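The values are calculated or read from the model by the stated rules, or taken from the named source; none is laboratory data. What you are looking at is a predicted structure, and each value in this text was computed from that prediction instead of being measured. Positions of Cβ are generated from backbone atoms using ideal geometry, with glycine treated the same way; all protein chains shown enter the neighbour counts.
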Amino acid sequence: MKKYYSISLLVILMLILAACGGGDTTPTDTSSAETQQVETAVETAAEEVAVEPETANEPVTLKMTVWDIATTPYWQAVVDAYEAQNPDVKVELVEISSQEYQDKVNIMLSGGDDTDIITVKDIPGYSAMLTRGQIVPLNSYVAADGLDLSVYSGAAEELTFEGSIYALPFRSDIWILYYNKDLFDAAGVDYPTNDMTWEQFDAIAREMTSGSGADTVYGTHFHTWRSTVELGTVQDGQNTVIATDYNFMKPMYDMVVAMQNDGTIMDYGSLKAGQVHYSGVFKNEQVAMLPMGSWFIGSLITAKNEGEIDFNWGVAKYPHPTGVAAGTTAGTLTSLAINTNSQNKDAAWDFIKFYSGPEGAKVLAATGNLPAVRNTEILDVFSALEGVPPEANEALQTAAVRLELPMHPKVGAVEQILNEEHELIMTNSVSVDEGLAEMTSRITEALNQ
Amino acid sequence: MSYRFRTGLGRTLTYILLIGLAAVMLLPFFWMLSASLKLDKDVFGFPIQWIPEVPQWSNYAKIWTRIPFLTFFANTAKLTVIITFLQLLTSSLAGYAFAKLQFKGRNFFFLAYIASIAIPWQSYMVPQFIMMRRMGLFDTHMSLILLQAFSAFGVFLMRQFFISIPNDLIEAARMDGLSEYGIYFRIMLPLSKPALATLTIFTSVFVWNDFMGPLIYLNSESLKTIQLGLRLFIQQYSANYALIMAASLVSLIPIIVLFLAFQRFFIEGIASTGIKG
Amino acid sequence: MNLPRQNTASARRRTIKDTLIAYSFILPNLLGFAIFTLVPMVFSLVLAFMNWDGANVVSWAGLGNFKQLLRDTTFRIALINTFYYVIGTVPLTMAAALGLALLLNQPLRGRNFFRTTFFFPYVASLVAVAVVWNMLFHPAVGPVNQLLMTLGIENPPRWTADVNWAMPTVILASIWKGMGYYMVIYLAALQGIPAYLYEAAEIDGANAWQKFRNVTLPMLTPATFFVSIMITIASFKVFDLILVMTGGGPGRATNVLVIHTYNTAFKEFRFGYSSAIAMVLFVIVLVITIVQFRMEKRWVSYM
């Protein structure tokens, strides 16, 4: 029996080694330079995969990961525009459900997948992929084509890590304030302006809260995402959400928790348990104001056209802390990256250049989305769309856009902690001070690991 | 066996209790049914309206057109049938050997099977995926089949069952000159119908409801399963819960039919898995 | 085999042939299992002593991951929560399953209907169950709290929105989902108890309670043993239900070991560390299972 044990163990060990064969699982000196590790991984991957020579005129098929094809018309629209200009390139969209998007992409890339273009949905995903060498730095391509990255109004800088940029932004949504004009008219209150401080916002919200029970109209609404509260804390540019001391978040949390306790907004617990979506409450006219991202504009326009809603709505600039310029807001970027394992990198670059550039931007704007390339021409295209409220043009003009979640190698772990503590504060399980103290100690610990 | 039933009050109370409990068990299903007949924005409306004012029967039609539900249905059925069949075949063969045959390494391997039940799948999910990918099995149904057709639980269940079959039967057959294969096919297999029925239900339910497996291993739309399909109703900025509920209820039907069909064997079957002693 | 072994050449040949035949039986399953499950499993256990982020090279960590476990507050919380969950779920589910089985073992009309009904939750997809359960236990408008408020309870618990009530809510959902399954096992076992035992007891003048204690319970011990093993292991490995109901929250109130394993692997990309957590879980479950098997002889009576 003992002999049997050892033989079997040996067999199993051999199987393991055979399965791991290929070089990328050999224990190695941890002190070797990060670039060497990346290069080894790249070389190994390249060795295993047959490389076909790229010739300029051979038909090329590019694959690109995306989500929500059914409700996001621009994916295909931009692809069509590109294919029209480049008849020898075909782009295939690989759809992944948005709930699991990053998890699935991570797993695919871990397994050596060769999908050419990876859409970067959020910063933690971006950080994960670039720190593990799964997407390529684009600096050489940018330099070779003489691309001017300032057209992205600072977004390119947000995506740059240690001097290298690994994705081009094509969509840049900003946070603005939506409001229900009819409710304001009925209450005789002036519409929110393009220059409101959070205090003024708070006052208006309290004024607009009325009714009780099922007929309650809430002054405003904070969706369950922690970013809805924390965005206000980073507007002044003094801090980011990756910090060593989280007391700077106190004013905003105090305000929101007070609103919750006073019934000015729906309470977090109910929202979470009931899976309440901000679109529902705004469309059902249960809230007078809603701070939300610019992507919601398209949704509201569609709702109006399909007869789902029939009230008048407007948009204003995002409220700001006192002393900060009006029009300072937070933004989220959606970008495109090239897979390290892609076999068509040059073709992929040409495509993402188009997508993220002015031509792709026009298609995006025409479908009701805000592209990353921002100039007056594009904003005009957007504002001219039917259903976009007249004041949108001004509301969308920004003074400065700050990325809500900045690029950082440990951003995944940090976000996890932020989410957990946010939940505890908002369910009144801990006081604001306790919650922020926990954030500080836990995140400091995580960053030091 | 049976308890003697006190007539009258005792009986009525028991019925009331049972009906009450059954109502509690079925309440969530009623909610799902009710939700599936509403407009999405009313699904979570409060207070809860159990009977929707204007039942949206069209939801049940929409689920087939909004997403390729029929494809997902067919894929899930295909995977369920194949995996269940393979599991029944290999598990019963192995279970018989572990129960009735003596051979070197028997205890070692069986221990390995049991020990493996204790490890959560999440922890070896990634090495498993890398291996499958290297074999070129990513984005194929074959990957799921290979992963799920050879389960420790199936072997454990069949072995427990076979242990309870008296050895005399087998001895007599051996005396008659029957080979082990003969014994297996002519005697053991027919006797094991209850255990096989049990394993069928467990495996089928598992594969039918499996979410993580298809999520990781399937990319192409044409290969996806029902559980993945349900997620397509949840988008980045909205979710259509009415359709999700409708689709969930529809996907429950084959499983319920399967259960009702096998129920008879099922209750008998579990009794023979060694728990009688 | 029960034939006496003889030390003849033919006997030895027979043994070798028998071994080969036996292997031909187990090979289809064993091969598949060994290649596709066992190898990754062993690899992942080995990973516990390594550092790996899923993309770059693997490096040796020795006991480093385990040392870090001792400092990890989330691990401590997850460990406690896991035991909390197991202690809450196992006895209650078993009791509920047994109770239902006893109830449904009597000649009743609609017996099959009730049995099928109680088995339903096990069959339903988790995603739907979680949504529905959260709705029923909605702190403000869920029927449960509406009922409690009409009964006069002013501030009913906020269930999954409350750090103290989240785990009990999850435990409740788990019992609801699982008891039908184990009920069926008990039902089958009850049917296997020979009638003459009860008759003998009655002749001796035993009442209902005595019959239960002295005939039913002892005869059920094999079933109870089987159930207890299966449900204990399953409870230690709980993941899906918690993930969809609370995501591990609020905060870390329902964070259990497998969720922590998942987070460290897929949110923080520390696969080595994640494997270390999984290994601790594995050892705990193994020890408990072995203890249960050892105790089997003491209280389980096979006929």
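For residues that are more than 14 Å from chain C (Cβ to nearest Cβ) and outside any helix (DSSP H, G or I), tally how many sit in the range A:123-156.
Of the residues in the range A:123-156, 7 are more than 14 Å from chain C (Cβ to nearest Cβ) and outside any helix (DSSP H, G or I).
Would a scan of the range A:395-403 turn up a residue that is under 16 Å from A:Y253 (Cα atoms) and either modelled with pLDDT of 85 or more or assigned to a helix (DSSP H, G or I) (or both)?
So far as the range A:395-403 goes, no, none of its residues is under 16 Å from A:Y253 (Cα atoms) and either modelled with pLDDT of 85 or more or assigned to a helix (DSSP H, G or I) (or both).
Go over the candidates A:K345, A:K272 one by one and state the one that is of a type in the set (D, E, K, R), more than 22 Å from A:E386 (Cα to Cα), in the same structural domain as A:T398 (by TED's automatic domain parsing) and within 26 Å of the chain's Cα centre (by Cα).
Every option except A:K345 fails the conditions.
Any idea how many residues of the range B:153-196 are away from every other protein chain (no Cβ under 11 Å), under 28 Å from C:F225 (Cβ atoms) and of a type in the set (D, E, K, R)?
Matching residues across the range B:153-196 total 1.
Can you spot a residue in the range A:284-292 that is surrounded by fewer than 19 Cβ atoms within 10 Å (Cβ to Cβ) and either of a type in the set (F, W, Y) or not assigned by TED's automatic domain parsing to the domain that holds A:A155 (or both)?
Within the range A:284-292 (the criterion being surrounded by fewer than 19 Cβ atoms within 10 Å (Cβ to Cβ) and either of a type in the set (F, W, Y) or not assigned by TED's automatic domain parsing to the domain that holds A:A155 (or both)), the answer is yes, since at least one residue qualifies.
Does the range C:288-300 contain any residue that is under 16 Å from C:F75 (Cα atoms) and more than 7 Å from chain B (Cβ to nearest Cβ)?
So far as the range C:288-300 goes, no, none of its residues is under 16 Å from C:F75 (Cα atoms) and more than 7 Å from chain B (Cβ to nearest Cβ).
What pairs come out if I take residues in the range B:136-152 that are away from every other protein chain (no Cβ under 11 Å) and pair them with residues that are aromatic (F, W, Y) whose C-beta lies under 8 Å away, six or more apart or interchain?
B:T140/B:Y217
Step by step: first the residues of the range C:255-292, then only those that are of a type in the set (F, W, Y) and over 16 Å from the mean Cα position of the chain (by Cα), then the one that is modelled with the highest pLDDT. Which residue is that?
Among residues in the range C:255-292 that are of a type in the set (F, W, Y) and over 16 Å from the mean Cα position of the chain (by Cα), the one modelled with the highest pLDDT is C:Y273.
Just checking: which of the strands (runs of 3 or more DSSP E) contained wholly in the range A:259-342 hold 1 or more residues that are in contact (Cβ under 8 Å) with a residue 40 or more places away in the chain, among the aromatic types (F, W, Y) and touching a strand residue (DSSP E or B) at 6+ places or on another chain (Cβ under 9 Å)?
So the answer is A:313-317.
Take the conditions assigned to a helix (DSSP H, G or I) and surrounded by fewer than 19 Cβ atoms within 10 Å (Cβ to Cβ) and apply them to A:V381. Does it pass?
Considered against the rule, which asks whether it is assigned to a helix (DSSP H, G or I) and surrounded by fewer than 19 Cβ atoms within 10 Å (Cβ to Cβ), A:V381 comes out as yes.
Could you tell me which residue of the range B:214-227 is farthest from B:A246 (Cα to Cα), considering only residues that are more than 7 Å from chain A (Cβ to nearest Cβ) and aliphatic (A, V, I, L, M)?
Looking at the filtered set, the residue picked out is B:L218.
What helices (runs of 4 or more DSSP H) lie completely within the range C:133-209 and have 2 or more residues being within 22 Å of C:T89 (Cα to Cα)?
The helices (runs of 4 or more DSSP H) meeting that bar are C:166-191.
Is it the case that the range C:69-82 has a residue that's within 26 Å of the chain's Cα centre (by Cα) and under 30 Å from B:S91 (Cβ atoms)?
Checking the range C:69-82: at least one residue is within 26 Å of the chain's Cα centre (by Cα) and under 30 Å from B:S91 (Cβ atoms).
Evaluate the range C:201-208: report whether one residue or more is at the interface with another protein chain (Cβ under 10 Å from one of its Cβ atoms) and either more than 23 Å from the chain's Cα centre (by Cα) or free of Cβ contacts under 8 Å to residues at least 24 places away in the same chain (or both).
Yes: the range C:201-208 contains one or more residues that are at the interface with another protein chain (Cβ under 10 Å from one of its Cβ atoms) and either more than 23 Å from the chain's Cα centre (by Cα) or free of Cβ contacts under 8 Å to residues at least 24 places away in the same chain (or both).
What residue, among those in the range C:140-191 that are under 29 Å from the mean Cα position of the chain (by Cα) and hydroxyl-bearing (S, T, Y), is farthest from C:M230 (Cα to Cα)?
Restricting to residues being under 29 Å from the mean Cα position of the chain (by Cα) and hydroxyl-bearing (S, T, Y), the top hit is C:T160.
State which residue is farthest from the other protein chains (Cβ to nearest Cβ) when the search covers only the range B:92-135 and only residues that are β-branched (V, I, T) and either farther than 23 Å from B:T225 by Cα or over 25 Å from the mean Cα position of the chain (by Cα) (or both).
Looking at the filtered set, the residue picked out is B:I114.
Please specify each residue of the range A:384-427 satisfying the condition of being touching a Leu at 6+ places or on another chain (Cβ under 7 Å) and within 14 Å of chain C (Cβ to nearest Cβ).
Across the range A:384-427, the qualifying residues are A:K410, A:V411, A:E415.
Failed condition for C:G178, given (1) farther than 30 Å from A:H422 by Cα; (2) within 14 Å of chain A (Cβ to nearest Cβ), with all others met?
(2)
From C:R158, C:R115, grab the single residue that is basic (K, R) and under 30 Å from B:T225 (Cα atoms).
Only one candidate qualifies: C:R115.
Whether any residue in the range B:63-77 is more than 8 Å from chain C (Cβ to nearest Cβ) and under 27 Å from C:P40 (Cα atoms) is what I want to check.
Yes: the range B:63-77 contains one or more residues that are more than 8 Å from chain C (Cβ to nearest Cβ) and under 27 Å from C:P40 (Cα atoms).
For the range C:132-158, what are the residues that are in contact (Cβ under 8 Å) with a residue 24 or more places away in the chain and among the hydrophobic types (A, V, I, L, M, F, W, C)?
Within the range C:132-158, C:W133, C:F137 qualify.
Determine which single condition C:T116 fails, assuming it passes every other condition in (1) within 14 Å of chain A (Cβ to nearest Cβ); (2) among the hydroxyl-bearing types (S, T, Y); (3) surrounded by fewer than 23 Cβ atoms within 10 Å (Cβ to Cβ).
Answer for C:T116: the failing condition is (1).
Would you mind stating whether A:P371 is within 25 Å of A:E230 (Cα to Cα), at pLDDT below 85 and either more than 14 Å from chain C (Cβ to nearest Cβ) or crowded, with 20+ Cβ neighbours inside 10 Å (or both)?
no
Looking only at residues that are at pLDDT 85 or above and hydrophobic (A, V, I, L, M, F, W, C) in the range A:302-315, which one is surrounded by the fewest Cβ atoms within 10 Å (Cβ to Cβ)?
Within the range A:302-315, the match that is surrounded by the fewest Cβ atoms within 10 Å (Cβ to Cβ) is A:F311.
Provide a single number: the residues in the range A:417-431 that are surrounded by fewer than 24 Cβ atoms within 10 Å (Cβ to Cβ), of a type in the set (S, T, Y) and in contact with a Pro (Cβ under 9 Å, 6 or more places away or on another chain).
1
Restricting to the range A:404-449, give me the number of residues that are touching a residue at least 12 places away in the same chain (Cβ under 8 Å), among the acidic types (D, E) and closer than 14 Å to A:M249 by Cβ.
4
Take the conditions at pLDDT 80 or above, crowded, with 22+ Cβ neighbours inside 10 Å and either within 7 Å of another protein chain (Cβ to nearest Cβ) or more than 20 Å from B:A149 (Cα to Cα) (or both) and apply them to C:P40. Does it pass?
yes
Could you list, in sequence order, all residues of the range C:116-148 that are out of contact with any helix residue (DSSP H, G or I) (no Cβ under 6 Å at 6 or more places or on another chain) and closer than 27 Å to C:T221 by Cα?
C:T116, C:F120, listed by residue number.
Would you mind telling me which numbered condition in (1) at pLDDT 85 or above; (2) buried (at least 17 other Cβ atoms within 10 Å of the Cβ); (3) out of contact with any Phe, Trp or Tyr (no Cβ under 7 Å at 6 or more places or on another chain) B:Q56 fails?
With respect to (1) at pLDDT 85 or above; (2) buried (at least 17 other Cβ atoms within 10 Å of the Cβ); (3) out of contact with any Phe, Trp or Tyr (no Cβ under 7 Å at 6 or more places or on another chain), B:Q56 is out only on (1).
Just one of A:A243, A:A167 is assigned by TED's automatic domain parsing to the domain that holds A:G360 and under 25 Å from the mean Cα position of the chain (by Cα); which is it?
Answer to the selection: A:A167.
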